1. Restricting to the stretch 125-137, count the residues that are within 12 Å of residue 322 (Cα to Cα) and either touching a helix residue (DSSP H, G or I) at 6+ places or on another chain (Cβ under 7 Å) or modelled with pLDDT under 90 (or both).
2. Suppose we filter 261, 347, 257 for residues that are over 29 Å from residue 222 (Cβ atoms), of a type in the set (Gly, Ala, Ser) and in contact (Cβ under 8 Å) with a residue 24 or more places away in the chain; which single one remains?
3. I'm trying to understand the selection: among the residues of the stretch 59-76, which are modelled with pLDDT under 95 and small (Gly, Ala, Ser)?
4. Return the total of residues in the stretch 19-51 being over 21 Å from residue 7 (Cβ atoms), open to solvent by less than 60 Å² (accessible area, probe 1.4 Å) and without any contact (Cβ under 8 Å) to a residue 60 or more places away in the chain.
5. Among residues belonging to the stretch 165-197 that are modelled with pLDDT of 85 or more and open to solvent by 80 Å² or more (accessible area, probe 1.4 Å), point out the one that is farthest from residue 241 (Cα to Cα).
6. Do the conditions hold for residue 110, that is, is it open to solvent by 30 Å² or more (accessible area, probe 1.4 Å) and over 19 Å from residue 224 (Cα atoms)?
7. Of the numbered conditions (1) outside any loop (DSSP other than H, G, I, E, B); (2) modelled with pLDDT of 95 or more; (3) open to solvent by less than 80 Å² (accessible area, probe 1.4 Å), residue 161 fails exactly one; give the number of that condition.
8. Restricting attention to the stretch 74-111, report how many residues are in contact with a strand residue (DSSP E or B) (Cβ under 7 Å, 6 or more places away or on another chain) and either at negative phi or among the hydrophobic types (A, V, I, L, M, F, W, C) (or both).
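The values are calculated or read from the model by the stated rules, or taken from the named source; none is laboratory data. All figures in this text were calculated on a predicted structure; none of them were measured in a lab. So basically every Cβ, Gly included, is an ideal-geometry build from the backbone, and we count neighbours across all protein chains shown. For the accessible areas, the whole protein counts, side chains as well, though only heavy atoms, and no ligand, DNA or RNA atoms are used. Shrake-Rupley method; radii C 1.70, N 1.55, O 1.52, S 1.80 Å.
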Amino acid sequence: MIRLYRDGDEDNLFALYCVVHPERRYDRESWLLWWRWKFRDSPAGPARLWLYEDESGIIGQYPLLPQNIKVKGRVLKAWQNVDLLTHPAHARRGIFTALEKQALQDAAADGELVVIGFPNLAARAGHLKTGWFDVDRMRVMVKPLDWPNVIHGWLKNRFLSGLLAFFASLFCDRLFFRSISAPPDGLSVTRVDSFDERVNDLWGRVSVRYPILTVRDKYYLNWRYGAVPGVQYTIFTAAKDQKLSGYLVLRALAQRGLKIGVVFDLLAEDESVASSLMAQAVAHCKKEKLDLIYYSVLADKAHIKTVRRHGFIPVRAFVKRWLGVYAAPGMDTSLLRDPESWLVTLGDSDMI
């Protein structure tokens, strides 16, 4: 049976998360704080969750998170599909497909419907069967800061990894690093704990440059980067004459024995400001002795070029994450299908 979430389902949902992801070793209280932040407390409104239930309990879920996006000058209440779960004992029974069809049918009954997602390969195949379309693969760029550590993460022989690191550093510095212009006169980059009202003005000015992007106002940004339980982001803002010109958000993560600085969001009124913010992010990651900086984005060529000038290496050939979209039948999807119409960063996903 498919039904909507009801108050009190959290205990059964916690059990489902634990059995689907046993490697994460969830603590119930911490999980509950995270669940409430994500599914209940968004400034765009509470999520909608479709649940698949049988006599044993909840064995599948299909959530849609509300997400305000600007499409060609108009703010649209869209949705993001996240956390598709099926109990492993009930795999390959069509639960995913049944939940998706029901959820999209119900959501479309409310009117105009746009759903975005960042599916893995398995979920992407299922989405395409139910009417989703691919926009493009996310562009991924990395900047190694400690070449020996980065290469040793994949090549365990110390001598060979050290030798390869030496030549890789020389080669990539020559191939990918370009001269960077000086910061604009009077621009100051500062680390802050939260976003103030000035970011609303920045959003209003910058959003006209992009046909499609998530609404990045004060309330959304402070929820997304300031209220996640147990998670600390580093926020840099760029300002001139007290007027906000841009911001960058990053977080340090550990993966495969490496310390990685992950850039979650970058928004700036022009490319010189974006470059100044990225330079500050690189300097911060070096100071923190991180091994690598990672940036995933879907944007126009100018944005990509600005980041690459700082020595970031494109690794798109290895990327398996796509931006996918579902639009209600009858909608004009020509703009939604154009990759260069979007500004999408990792912070637009549900990754924390």
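1. Count: 4.
2. The match here is 257.
3. Of everything in the stretch 59-76, just one residue is modelled with pLDDT under 95 and small (Gly, Ala, Ser), namely 73.
4. Count: 1.
5. 193
6. The answer is yes for residue 110.
7. Evaluating residue 161 over (1) outside any loop (DSSP other than H, G, I, E, B); (2) modelled with pLDDT of 95 or more; (3) open to solvent by less than 80 Å² (accessible area, probe 1.4 Å) leaves (2) as the failure.
8. Going through the stretch 74-111 one residue at a time, the tally reaches 22.
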